[in-house]
Structure formats: structure tokens, C-alpha cells
Amino acid sequence: MASGVAHELNQPLSVIRMGATFLSKMINKGRKIKDEELRTVTEQIVGQVDRASAIINHMRDFARVGIKTTDLDVNLPIKNIIGIFGQQFKVRDIAIELDLDDNLPHIMADSNKLEQVLLNLVVNARHVIEEKGEPGGKVTIRSFSDKGRVAVSVSDTGNGIPDHILDKIFEPFFTTKKVGAGTGLGLSISYGIVKDYGGTIDVKTEVGIGTTFVLKFPPCSNAK
């Protein structure tokens with residue numbers, strides 16, 4: 001874990017150092033820095049600072065202290081996510097289909113944390129659909145009962161996950177995205193959150209067809 005964090009942070013820090021070194025040398029030599037060069041270097045530095053901050057914030061989430069739970073309707077965080085981000089999918093011509101069971105028992109979880117999990121899955125779904133580059137992409141979110149447990153599934157019509165990386169997707173810092181496009185912590189954090197609430201997260205995938213993540217939680221002890 002420590003080596004992974006060091007590797008991820010070293011990349012933005014190296015870019016920041018290069019930019020700062022360039023500016024320092026130009027100033028020490030009394031050379032005028034062109035506006036375009038100055039703008040490019042400062043934008044790169046700011047971008048890499050943001051990336052380093054994102055990595056640190058992800059690590060804070062990964063090292064969660066304490067578990068906050070409340071009696072929760074699992075459909076609530078789903079509706080919140082779609083209400084906030086649904087327009088982004090519409091603009092990208094990606095359909096979102098909801099199939100929610102309104103009669104499910106409640107679970108013990110934190111709405112904000114569950115929103116974090118769902119947001120990560122939905123954003124990943126959008127990414128793989130855009131990566132596939134075919135029209136008619138769709139994300140389907142379902143809530144349903146499965147053998148006495150409360151289940152939520154997020155399905156996409158992306159390219160699916162190859163077998164040789166399927167067992168790595170929940171590992172910290174594992175990502176198939178380009179350098180700088182992701183920290184590789186989203187799924188590992190989501191896995192930890194789901195486990196905190198006594199749940200499980202499984203993956204069903206078919207290369208060329210798409211992927212479905214299935215979350216399952218125990219119902220509240222007072223649920224009928």
C-alpha cells in the first residue's frame with residue numbers, strides 16, 4: 001500500500017518540481033518568460049496539485065475511521081445521484097434506466113457513503129461506454145430483493161472486463177485509465193464501504209457486451 005501511494009504521489013510531484021525548476025532557472029538567469037510559457041507551466045502545476053490533493057483525499061476515505069449508519073431506504077441515494085448527475089448523461093447521449101422496487105425493507109447504512117459507492121459505479125459506467133464509442137449506450141440501475149437481502153445493481157453497455165484483470169479491479173491503485181485520469185482507488189474504497197455495512201459486491205461481465213456490479217445488503221433487523 002505504502003509503495004503504491006508513494007508511486008502515485010511521485011508522478012504529480014515530479015511534474016511540479018520540473019515546472020518550478022524551469023521558472024527558477026529562468027528567473028535566476030534574468031530571462032523573460034513568455035506569457036504563453038508561463039501560462040502553460042502554471043496550469044500544469046495547478047493541475048498536478050489538484051491531482052495530488054485528490055489522491056490524498058481518496059486515501060482519507062480509504063482509511064475510514066468509524067462507521068456511521070442509519071435506517072435507510074436504498075432507493076434514496078440512487079435517486080439523489082440521478083437527480084444530480086442525470087443531465088450529464090443526457091448531454092453525452094447515454095440513457096439511464098431505473099428499475100426500483102419501492103417495497104424493499106430498509107438497510108443500515110449511511111446515505112452519503114452509499115451515494116459515494118453508487119457515484120463511482122455510475123461514473124465508471126459512463127467512462128467505459130464513452131470508451132467503447134458506440135451510440136445507444138445505456139446505464140441500468142435496479143433495486144430488488146434477492147434471497148432475503150436488499151440488492152442494487154449497476155449495469156453498463158461498455159466493453160466488459162477481460163478475465164486477466166477481473167480479479168484485480170478491487171485492488172488499491174489498480175486502474176485501466178490513462179495516467180492522470182484516475183487514482184485507482186474508487187472501487188477499492190467502494191468495496192470497503194459495502195463491507196462495512198455487512199454487504200457484498202459482485203461483478204458479472206461479458207467482453208464486448210457490458211458489466212454489472214451487484215451490491216447486496218442485509219435488511220434492518222426490524223424489517224418485516
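The values are calculated or read from the model by the stated rules, or taken from the named source; none is laboratory data. None of the values given here were measured: they were computed from a predicted structure. Glycine also receives a Cβ, built like all others from the backbone with ideal geometry; neighbour counts cover every protein chain displayed.
Some observations on this one:
- In this structure, Ile16 does not satisfy being at pLDDT 85 or above, surrounded by fewer than 16 Cβ atoms within 10 Å (Cβ to Cβ) and on the phi < 0 side of the Ramachandran plot.
- For Gly30, the conditions (1) small (Gly, Ala, Ser); (2) part of a helix (DSSP H, G or I); (3) modelled with pLDDT of 70 or more all hold with the exception of (2).
- All conditions but one from (1) at pLDDT below 90; (2) more than 30 Å from Pro12 (Cβ to Cβ) apply to Val123; the one that does not is (2).
- Segment 107-120 - residue that is of a type outside the set (S, T, N, Q) and over 17 Å from Phe89 (Cβ atoms) and, of those, modelled with the lowest pLDDT: Lys113
- Search result, residues across segment 68-82 that are of a type in the set (Asp, Glu) and either free of Cβ contacts under 8 Å to residues at least 60 places away in the same chain or buried (at least 17 other Cβ atoms within 10 Å of the Cβ) (or both): Asp73
- Counted residues, segment 79-106 - those being modelled with pLDDT of 90 or more and among the hydrophobic types (A, V, I, L, M, F, W, C): 6
- Meets criteria (surrounded by 15 or more Cβ atoms within 10 Å (Cβ to Cβ) and modelled with pLDDT under 90) for His164: no
- Residues in segment 78-135 that are assigned to a strand (DSSP E or B), of a type in the set (Gly, Ala, Ser) and within 21 Å of Asp202 (Cβ to Cβ): 1 in all.
- Hits in segment 172-218 - residues which are within 14 Å of the chain's Cα centre (by Cα), under 23 Å from Thr157 (Cα atoms) and modelled with pLDDT of 70 or more: Gly186, Leu187, Ser188, Ser190, Tyr191, Phe213
- Residues of segment 185-217 satisfying the condition of being touching a residue at least 12 places away in the same chain (Cβ under 8 Å) and assigned to a helix (DSSP H, G or I): Gly186, Leu187, Ser188, Ile189, Ser190, Tyr191, Gly192, Ile193, Val194, Asp196
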